[in-house]
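Peer 1: If you scroll down you'll find the structure; I have some questions about it.
Coordinate-derived values only; no laboratory data. Fair warning: this is a prediction, and the values are worked out from it, not measured in the lab. Don't worry about glycine lacking a Cβ; one is built from the backbone with ideal geometry, like all the others, and counts go over all protein chains shown.
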Amino acid sequence: MQYPMDRVEQDAEGGCLGVPCWMRAYFWDVDLSELDVTQNRDYIITRLLSLGDQHTLKWVFDTYERDVIAHVVKNSRGLLLKAAVFWQKYFNLSESEMRCFKVFEDMKNFYTF
């Protein structure tokens, strides 16, 4: 299956160097031209596992090794709760193996209302 605009594109200013330009909506808070798929691997994987659709998830699994993705799932503090539960079950992990569940617990204790 082809992704929409599958190849990594560059505009005149050098934008979209590593992440396909069609993913711009997932990275609204950063300059896509400065996002490197190797150096920013954990950030990219976490964001797309939390917010992505089937096309972005296919891109993640085509771009990164399964072991790398599992490592990010275990160590990320930034996964959203719903996504964390899904990936916990997908990779057959316990809550104690996933750093984000400690963050969720800390947040629950911080917000007492």
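Peer 1: Which part of the range 41-69 falls in the paramagnetic zone of residue 90, meaning amide N under 13 Å from the point 7 Å along Cα-to-beta-carbon?
Peer 2: The answer is 45-69.
Peer 1: Once you order the gyration tensor axes a ≥ b ≥ c over the Cα atoms, which shape class does the range 52-91 get: rounded for a/c under 1.5, otherwise prolate or oblate by comparing a/b with b/c?
Peer 2: Oblate, because a/c is 1.5 or more while a/b does not exceed b/c.
Peer 1: Separate question: For the range 41-110, take N as its residue count and report Rg(C-alpha) divided by 2.2 N^0.38 Å.
Peer 2: Its radius of gyration relative to the 2.2 N^0.38 Å reference: 1.05.
Peer 1: Starting from the Cα of residue 81, step 7 Å along the direction of its Cβ; do the same at residue 36; then give the gap between the two resulting points in nm.
Peer 2: Once both label points are built, they end up 3.6 nm from each other.
Peer 1: Now a separate question. Calculate the spin-label point distance for residue 66 paired with residue 53, positioning each point 7 Å from the Cα along the beta-carbon direction, and give it in nanometres.
Peer 2: Roughly 2.6 nm, to one decimal.
Peer 1: Treat every Asp and Glu Cβ in the range 31-113 as -1 and every Lys and Arg Cβ as +1, leave all other atoms uncharged, and give the resulting dipole magnitude about the Cα centre to the nearest 20 debye.
Peer 2: About 320 debye.
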